[in-house]
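This report concerns only the one structure given below.
The values are calculated or read from the model by the stated rules, or taken from the named source; none is laboratory data. Every value quoted in this text rests on a predicted model; they were computed, and no experiment measured them. Reconstructed Cβ throughout: ideal geometry from the backbone, glycine too, with neighbour counts over all protein chains shown.
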Amino acid sequence: MSGLLTLRGMPADRLGDLLDSGQRYVDMIRAGVRAPSRLEGRTVTIVFFEPSTRTRLSFEKAAHALGATVMVFAPEMSSTVKGESFKDTILTLTAMGSDVLVIRHVLADAADLAALWSGVPIINAGAGRREHPTQTLIDALTLRQHFGALQGLRMGIVGDVDNSRVARGHLAALPTLGIELTLIGPSTLLPVANPWVARTTHSLDEALGDLDVVYLLRVQRERGAAAGLSSEASYNRRYGMTEERLSMLKPTSVIMHAGPINRGIEIDDSVADGERSLILEQVANGVPMRMAVLEAALGERE
């Protein structure tokens, strides 16, 4: 795998290989076993033009765990404030000896452009509204750990689908793994076009009883999502995961959210912190799954 720009078109066996590799690193971490330094002598450069906590820190820790040298690009402290173009930034970081670039950017085609310019593997860590492939792999791994298998699971993706790169990553790959998807939200937050294998509904309450997984999306104020809402309180009444809605689910159903969470809007505190929430498991799986992706991107798999 030369980098990871998208999960679209990736066959189920390749997705399964990545999940298996991620699980091996999960098992090592849980057993307190140090991972082999397979990326020793390699440089992983983190290039984030948008804020991040979970994705940035987990990629950094993943790279360090595999023995790589890590460079972290901070745009606010770089020549971009002097007018340097994105292309020249990518060319500069490549010329400094980067072996792989992990990129987050507001532009949907940023990772693709970097791949054209740089000549080194590019990992898409979230490009505009397009896709967030490593989050999808993390979530698939988390569900496989919890349920034992993915085939036949029913997931409802709730909320700001139109702006969500997490949702687009899930739509690109989870049906390939056998997960049935339903997009749930107000018309203002659902895509106008729906080319995916997913049904849509505006009623969360009507859908809850059929779902194994309720995947809550953050209302992305920075991408204009709030403008499509009458109010955040109204959104919580119609689409927030409350204790009352939790009781409407099957006893085995679980709650997921990629974070950051807007508590009291997408999800109530008691649900986010409750025993049916997999949110912290998702976070914990971020490092081992991204170790697997870095290893695969640099061709260092066993």
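Here are the numbers for this structure:
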quantity: Any hit, the stretch 271-282, residues being among the acidic types (D, E), at pLDDT 95 or above and over 21 Å from the mean Cα position of the chain (by Cα); calculated: yes
quantity: Selected residue (only one of V33, V70 is under 27 Å from W117 (Cα atoms) and at pLDDT 95 or above); calculated: V70
quantity: Scope the stretch 138-154; condition surrounded by 24 or more Cβ atoms within 10 Å (Cβ to Cβ) and either farther than 16 Å from G16 by Cα or acidic (D, E) (or both); matching residues; calculated: D139
quantity: Every residue from the stretch 93-147 that is among the small types (G, A, S) and either farther than 27 Å from G67 by Cα or part of a helix (DSSP H, G or I) (or both); calculated: A95, A108, A110, A111, A114, A115, S118, G128, A140
quantity: Test: residue in the stretch 135-153 that is more than 21 Å from P288 (Cβ to Cβ) and of a type in the set (D, E); calculated: no
quantity: Checklist (1) crowded, with 21+ Cβ neighbours inside 10 Å; (2) over 14 Å from the mean Cα position of the chain (by Cα) applied to G264, failing item; calculated: (1)
quantity: A226 modelled with pLDDT under 95 and over 23 Å from E244 (Cβ atoms); calculated: yes
